[in-house]
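The values are calculated or read from the model by the stated rules, or taken from the named source; none is laboratory data. Being a predicted model, the structure only gives us computed values, none of them experimental. Cβ placement follows ideal geometry from the backbone for every residue including glycine, while neighbour counts extend to all protein chains displayed. With ligands, DNA and RNA removed, areas are computed over all heavy atoms of the protein, side chains included. Shrake-Rupley method; radii C 1.70, N 1.55, O 1.52, S 1.80 Å.
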Amino acid sequence: QSTWGFKSESTLENGSQMSVSVHSAGLVAASPRGIVVNTEQSVREVVANIQRSGATAIAVDCEGEKLSRFGRLCLVQVAVNDDVYLFDPLSCDVFEAGLRQLLMQEDILKVIHDCREDSAALFWQYGVKLTRVFDTQVAYRMRLQADQVMPFNVGLNTLLDSYLGERNNLKDQFRKMMKTHPSMWTVRPLTDDMNLYASSDVIFLTKLKDHLLADLNVTEEAVIKASQTSLDYGLINELVRGAESVKISQHVQGVVRHLTDHCAYIGMNLGWDGVVTNQKDVNKLSSLPMGQVVSFRVSEIKSEWKRFTLELPKSKTENPAPCLDQDSTVTTDEMNPHRLGQRQKQIDLGKQTEEYKRYQSLVERDKRDSKECWGKHPVTPDIRQSCSKRAWEGQVRKWRRLLHAYYDATSVNVMSSSSDS
């Protein structure tokens, strides 16, 4: 073991200088350091190697500037066995080059600790919908439930220490630095300590998964199913434009992050968090499964703290659905995370076809999405619209039928010619 210090002037993406100073004692000399992947060619090569290796599980984590739906994703760490790769979306389009395909691949398990903000950032900023996720935080909550202990969210270092005797020794220092320098993850090139911190967050995750499964005595599939609630977090409050647009008395959705005897802290997928202090409401929330989406009413807005004071709706007649603004009319159905997920999967399947790729290459973007083109071009159905399942399925069938016209060269030429007329 060694004691070391690091201090340097690092360049932020905007060209300004930031002093990065870290001092850590007791770091293991063989601490993992990741391979930075920052060109499209290297992304293609690394992803191809992972897929050829036959790996059935990878560990994933993300870093960013206020990482969330409204923050900025700056780094994606992927660990495969003892190798760590640091994909850099600020240097090139790592997702288009192959990372999106890897993260959405159905036959590879993604082991993540607390995937809520990571999955929200990936989905909203890069269109990545994670599949087959094993959330180690969810697995530990299942362990607590099995012991009839009130579930709570636990930090990664606590789990690593408890199950493996390992930890990320830079965790506390970096947590403080990210508060004082929110843009620190835009530093390029990555400093040695940033590399070490990012790599340490993923290198032990697959081993942790194995130990949790042995301790839980449940199947891997059971944890994957339970982890879906964390993935659904990225879809709540989808139609709310941002925290600044929320008004007093507006109804929003949230998920309990942390619960004490007198207070509940709520994640809202808006960049700001919420807090519930009404004792009756706190008692009701304590009886609900951790991770369940709950409807709230905004009772106070504390802009200086970037926090909402929330309360449960007073009666069943109050509309629990979140809305864009107070005069919007939005139904509960179109905000249902499960329904949105089902619709998105249907759209994703259509967009993966050769017909859709040909359609993209032949029809200009500004000619695709207008309502006037419906019936001529395959305009993608809006997953957020309020309609019955039968009506939605009919729209999808019509969309796929119109896409099919782009399947062969003859019909493609006909459609292309008509679009220019």
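Using C-alpha pairs below 8 Å separated by at least 6 residues, the relative contact order for the stretch 183-326 is 23 percent. Between the beta carbons of Asp93 and Glu311, assuming R0 = 60 Å, the FRET efficiency works out to 0.85 to the nearest 0.05. Using the Cβ-Cβ distance between Val218 and Glu354 with R0 set to 30 Å, the FRET efficiency works out to roughly 0.15. Per-residue 3J(HN,Hα) values for the stretch 267-278, derived from phi via the Karplus relation 6.51 cos²θ - 1.76 cosθ + 1.60 with θ = phi - 60°, read x, 10, 6, 10, x, 9, 10, x, 9, 10, 10, 5 Hz in sequence order (x marks Gly and Pro).
What shape does the stretch 37-134 take by its C-alpha gyration tensor, where a ≥ b ≥ c are the square roots of the eigenvalues and a/c under 1.5 counts as rounded, a/b above b/c as prolate, and the rest as oblate? If you can, show how the numbers build up before the last one.
Working: a/c = 1.69, a/b = 1.21, b/c = 1.40.
In terms of gyration-tensor shape, oblate.
One decimal place: the segment Arg401-Asp382 gains 5.2 nm when fully extended, by the rule 0.36 nm per residue minus the C-alpha distance.
Estimate the FRET efficiency between Gln344 and Ser287 by the formula 1/(1 + (r/R0)^6), using the beta-carbon distance for r and 25 Å for R0, to the nearest 0.05. Present the calculation step by step, with values, prior to reporting the outcome.
Values: r = 31 Å, r/R0 = 1.25.
About 0.20, to the nearest 0.05.
Label sites at Gln148 and Arg33, each approximated as a point 7 angstrom past Cα along Cα to Cβ, lie 5.2 nm apart.
With 31 Å as the limit, write out which pairs from Lys247/Lys351; Lys66/Lys345; Lys110/Lys176; Lys284/Lys389; Lys176/Lys225 have Cα-Cα distances beyond it, or answer none. Could the numbers behind the result be given before it?
On the way: Lys247/Lys351 37 Å; Lys66/Lys345 28 Å; Lys110/Lys176 28 Å; Lys284/Lys389 33 Å; Lys176/Lys225 34 Å.
Where the Cα-Cα span goes over 31 Å, the pairs concerned are Lys247/Lys351; Lys284/Lys389; Lys176/Lys225.
Heavy-atom accessible surface of the stretch 97-253, averaged per residue, reaches 39 Å², computed with a 1.4 Å probe. When its C-alpha radius of gyration is set against 2.2 N^0.38 Å (N residues), the stretch 112-201 gives a value of 1.26.
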